[in-house]
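Student: The structure that follows is given in the form of structure tokens.
The values are calculated or read from the model by the stated rules, or taken from the named source; none is laboratory data. Quantities reported herein were computed from a predicted structural model and do not represent experimental measurements. Quick reminder, even Gly has a Cβ in these numbers, built from the backbone with ideal geometry, and neighbours come from all protein chains shown.
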Ligand SMILES: [Zn+2]
């Protein structure tokens, strides 16, 4: 992913965030459209997608809750993974911004692999640093995405 597409991604995320917030405040699609500079249809598409994502998030919460009951070390495992990543950042001489809340990352990404766009089942779960740590990428929430282990292995440390 180059800098320009990363920027476009962030702009789209920010716009979606604005649309969601305005919808929660009770604004109509046409009012939201006027504020964010999109067509009413584009706003409605986004709101439909948000509804689907919410339904999917509930399913994910259930799926991971079930998994955690079966594999009770999963939550601790997530914490340990974040600590390990921090140790790697320090080894590369980088900065540790924060302890990344990996469960929040799973929810934000709706458990979709950012490399192939397909759903990630708990046993396939890995986290990818969009800008690799070895390239100076930060270990923070913004730079961490959900990925399949197999997709992550293919990507390696390439950008
Ligand atoms: Zn994948």
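Student: Does segment 92-102 contain any residue that is part of a loop (DSSP other than H, G, I, E, B), touching a strand residue (DSSP E or B) at 6+ places or on another chain (Cβ under 9 Å), more than 16 Å from the ligand (Cβ to nearest atom) and modelled with pLDDT under 75?
Tutor: yes
Student: Within segment 1-34, restricting attention to residues that are closer than 24 Å to residue 119 by Cα and not in a helix (DSSP H, G or I), which residue is farthest from the chain's Cα centre (by Cα)?
Tutor: Checked segment 1-34; the qualifying residue farthest from the chain's Cα centre (by Cα) is 2.
Student: Might you let me know whether segment 131-150 holds any residue that is part of a loop (DSSP other than H, G, I, E, B), at pLDDT 75 or above and within 14 Å of the ligand (Cβ to nearest atom)?
Tutor: No: segment 131-150 contains no residue that is part of a loop (DSSP other than H, G, I, E, B), at pLDDT 75 or above and within 14 Å of the ligand (Cβ to nearest atom).
Student: Just to be sure before I move on: is residue 153 surrounded by 16 or more Cβ atoms within 10 Å (Cβ to Cβ) and either within 16 Å of the ligand (Cβ to nearest atom) or in the same structural domain as residue 58 (by TED's automatic domain parsing) (or both) in the structure I sent?
Tutor: So residue 153 fails the test.
Student: A follow-up question, please. So how many residues does segment 15-34 have that are on the phi < 0 side of the Ramachandran plot and surrounded by fewer than 11 Cβ atoms within 10 Å (Cβ to Cβ)?
Tutor: So the count comes out to 3.
Student: Then there's this: Does segment 107-130 hold any residues that are over 11 Å from the mean Cα position of the chain (by Cα) and within 13 Å of the ligand (Cβ to nearest atom), and which are they?
Tutor: 115, 116, 117, 118, 119, 120, 121, 124, 125, 126, listed by residue number.
Student: Are any residues in segment 35-48 in a helix (DSSP H, G or I) and closer than 15 Å to residue 21 by Cβ, and if so, which ones?
Tutor: Answer for segment 35-48, where residues must be in a helix (DSSP H, G or I) and closer than 15 Å to residue 21 by Cβ: 35, 36, 43, 46, 47.
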